[in-house]
Amino acid sequence: MPHRRPVIRHSHVGAPHALTSLLEARGLLEMAMLPASLPLLLEAPQGDGHPVLLVPGFMASEASLIALKLYLQTKGYDVHTWGLGRNMGFRSKHANALPQKIRYLHHVTGKKVSLVGWSLGGVFSMYGAQNALECVRSIITLGSPVSVAATGSQSPNAVKALYRLVSHRLGSSAHVMQPRAKAMRESRRLAIPTSCLYSVSDGVVPPQEATIDGDPAMHENIQVPGSHIGLGFNGIVLAIVAERLAQPESGWKPFAPQGLLRRTLGVTLCSPSRAASAVAT
């Protein structure tokens, strides 16, 4: 078997470029263009019916996951949302509720659960998996700040100010989980297949924070085109999520796009060779 290079974080330094932050509204255009991705979505493999738990991003409700939920259901998955309402940040109720939800789904289906988290939802997914390891099959994050240095987040100041404002209004319960999540994002990675999707044009979470260091046998970073707020409605992202979920439980392999997905990535990432190396190392 050929030697594979270790998975490493993206080399970007600092906050997202100011222009990409200003252009985040293009996510609305990405939503409108979703129907044009139908051939790509149809080509993605069918699933095996195992449970998939979707977790929304910061300030987002479970309604924001509608495209992901409906699409994955058409692929045959048993799709659930986290059932905790709008994601208002790290709160005490999440500390036990999310691992319990994972264990419950595992118990009632008899199958391990895959977790898909958008933005801050990806951090929650990793936290939940860490506390219910025996019940988790795989983790997929979408533009999630999964690698934050001890010096703090490099997201735009406006994003950090909004988070502080919401946390302050919620009181002390908003801070119960935060130290645990911070420690997790600075520690070694879980021994679970993990795919981190990121965009260099993400105007909210910079690419070095949306990617991880890890073992190429079970961890990967996958570059996609698009904005942060449009990730959950991005046809390329949805197709990659379906392809990753379709990996056999005991035979996970790193992302290697084929067919129309490979060609689409080659065009949208502006390089003929990028589709063959869409997994960033």
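List of remarks:
- Any hit, the range 30-45, residues being buried (at least 19 other Cβ atoms within 10 Å of the Cβ) and outside any helix (DSSP H, G or I): yes
- Taking the numbered list (1) assigned to a helix (DSSP H, G or I); (2) basic (K, R); (3) surrounded by fewer than 15 Cβ atoms within 10 Å (Cβ to Cβ) in turn, R86 passes all entries but (1).
- Which numbered condition L238 fails, given (1) in contact with a helix residue (DSSP H, G or I) (Cβ under 6 Å, 6 or more places away or on another chain); (2) modelled with pLDDT under 95; (3) not acidic (D, E): (2)
- Whenever a residue of the range 44-64 is modelled with pLDDT of 95 or more, its partners that are assigned to a loop (DSSP other than H, G, I, E, B) and aliphatic (A, V, I, L, M), lying with C-beta atoms within less than 8 angstrom and at least six residues away or across chains, give the pairs A44/A246; P45/A246; Q46/A246; G47/A246; D48/A246.
- The criterion of being among the aliphatic types (A, V, I, L, M), assigned to a helix (DSSP H, G or I) and over 24 Å from E249 (Cα atoms) does not hold for A129.
The values are calculated or read from the model by the stated rules, or taken from the named source; none is laboratory data. Just so it is clear, the structure is predicted and the values come from calculations on it, not from any experiment. FYI the Cβ positions are ideal-geometry reconstructions off the backbone, even for glycines, and counts take in every protein chain you see.
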